[in-house]
Amino acid sequence: MLVEFPVNFLAGITFCRGISTNQMDILTQGIVGAVAAQAVANKENSRKATVIGFIAGLPADADILIRSNADSLLVLEFHRQFTHSLLFIPLGGLLVGWVLWQLYFRKQPVDFKTVFRFALAGYATSGLLDACTSYGTQLLWPFSDARIAWSIVSVVDPLFTGLLIVCLILGWKKTAPRMAQIGMVLGLSYLVLGVVQQGRAEAVVRDLAQKRGHTIERLVVKPTMGNLILWRGVYEHQARFYIDAVRVCYIESPQYQAGGSVAKFDAATPPPGIDISSTTAQDIVRFNRFSDGYLSWHPERMNVLGDVRYALLPTSPLPLWGIELDQNNPENHVEFKNFRDTSKATIDAFMEMLTGEDAGWERMG
């Protein structure tokens with residue numbers, strides 16, 4: 001029963017998320033915003049702060065609506081861009097606060113300054129929370145288009161969200177902001193644990209590369225869905241990407257599984273038949289920039305370039321998403337594709353790796 005619940009939970013979350021896998025789940029965004037607003041409120045306004053903060057934690061992700069039927073990469077370029085930047089936080093908080101004030105709180109015994117303060121606290125969490133995941137958030141826009149991704153927590157993590165929900169509910173019932181402040185401490189502590197676990201997983205990958213005689217040119221280590229135990233490591237060596245799964249349980253020595261390697265795609269050289277000035281070639285450059293250069297041909301799908309950083313299983317060379325090229329029509333935009341397998345076999349395989357039941361694990365030593 002204890003194993004069956006997370007299997008069903010993760011399966012449902014993975015199935016329902018669609019492209020929103022690229023952002024922290026909407027419930028957690030609202031919960032974190034609510035906790036932040038409640039934490040800066042007094043006892044009298046704590047419930048109002050909770051509602052305002054929850055709502056304010058959501059609008060930043062409205063940028064996912066910026067898309068084009070003709071250009072499927074547009075949504076990738078604008079998602080987690082200006083609405084998530086640090087510079088935009090005051091304006092975002094002001095807009096949310098003003099709308100809530102006009103629609104509801106104008107007739108309530110609370111002034112606009114107070115509503116704005118709670119909205120600002122809630123909105124401020126959006127970009128920072130998303131930067132803790134692995135997708136990449138342009139926190140420094142417009143001064144830099146670098147995508148900051150600390151990769152210390154999954155886009156869905158029931159334990160992280162659950163801790164905050166408990167504190168939020170207690171704070172609501174008791175109208176006690178101190179519970180939200182405790183929630184903030186617990187949430188930050190969990191993220192710090194993510195930093196520690198990431199460091200342990202990265203050390204394993206570096207040791208593996210050294211044993212193979214490889215020089216790591218670039219490396220990314222990211223948590224898998226819903227936990228801080230099972231990690232995916234991808235490093236580059238001599239134009240190949242090497243994939244490893246690492247299991248860093250809190251009370252056991254680290255384990256690993258080698259996932260093989262795939263050839264790196266050279267984005268500076270378009271595929272045969274595609275002119276460097278064509279729309280397709282330009283789209284390849286755009287997707288390569290979004291993927292931070294972690295591009296490889298899909299092992300099972302012709303004319304598909306995948307982002308090797310993401311996969312359903314941490315050892316899999318099959319990318320979670322990629323772009324499909326139409327080499328017969330190079331002036332057309334490429335098509336962004338998601339490759340999701342939410343079958344019971346895939347979920348079972350994931351859970352066996354997470355719980356350590358998979359027979360393929362090897363101990364470091």
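A compact table of results
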item: Whether the chain is rounded, prolate or oblate, judged on the alpha carbon gyration tensor where a/c under 1.5 counts as rounded; result: oblate
item: Estimated vicinal HN-Hα couplings, Hz - the range 273-286 in sequence order (Karplus 6.51, -1.76, 1.60; Gly, Pro = x); result: x, 10, 5, 4, 9, 6, 4, 4, 4, 5, 5, 4, 5, 5
item: Sum of -39500 (n - 2.57) over DSSP H runs of 4+, divided by residues of the chain (222 nm, nearest 500); result: -14000 deg cm²/dmol
item: Ordering of 59-65, 152-158 by burial proxy (mean other Cβ atoms within 10 Å per residue, highest first); result: 152-158, 59-65
item: Relative packing of peptides 120-132, 81-93 - highest average C-beta neighbours within 10 Å first; result: 120-132, 81-93
item: Reachable aspartates and glutamates from Lys107, criterion Cα separation under 18 angstrom, eight or more residues apart if same chain; result: Glu44
item: Phi to ³J(HN,Hα) by Karplus 6.51 cos²θ - 1.76 cosθ + 1.60 over the range 66-77, Hz, x for Gly, Pro; result: 7, 8, 9, 5, 7, 10, 6, 7, 4, 5, 5, 6
item: Sorted peptide list for 178-186, 266-274, criterion being average Cβ within 10 angstrom, highest first; result: 178-186, 266-274
item: Accessible area (Å², 1.4 Å probe, nearest 10) - Glu357; result: 130
item: Gap separating the Cα centres of the range 267-345 and the range 39-59, nearest whole Å; result: 42
item: Radius 12 Å from Cβ of Val32, net charge of other residues (Lys, Arg +1; Asp, Glu -1); result: -3
item: Cα gyration tensor shape of the range 70-153, rounded if a/c is under 1.5, else prolate or oblate by comparing a/b with b/c; result: prolate
item: Degrees separating the helix 112-131 axis from the principal Cα axis of the chain, which is the longest one; result: 20
item: When each of Lys174/Lys222; Lys211/Lys264; Lys113/Lys222 is checked by Cα-Cα distance, pairs over 32 Å; result: Lys174/Lys222; Lys113/Lys222
item: 3J(HN,Hα) from dihedral phi, the range 142-151, Karplus parametrisation 6.51/-1.76/1.60, rounded to Hz, x for glycine, proline; result: x, 6, 8, 9, 4, 8, 7, 9, 7, 6
item: Å² per residue, accessible surface of the range 200-265 at 1.4 Å; result: 39
item: Cα gyration tensor shape of the range 231-358, rounded if a/c is under 1.5, else prolate or oblate by comparing a/b with b/c; result: prolate
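The values are calculated or read from the model by the stated rules, or taken from the named source; none is laboratory data. Quick caveat: nothing in here was measured; it's all calculated off a predicted structure. Heads up, the Cβs are rebuilt from the backbone with ideal geometry, glycines too, and the neighbour counts pull from every protein chain shown. Remember, those area values only see protein heavy atoms, side chains included, never the ligands or the DNA or RNA. Shrake-Rupley method; radii C 1.70, N 1.55, O 1.52, S 1.80 Å.
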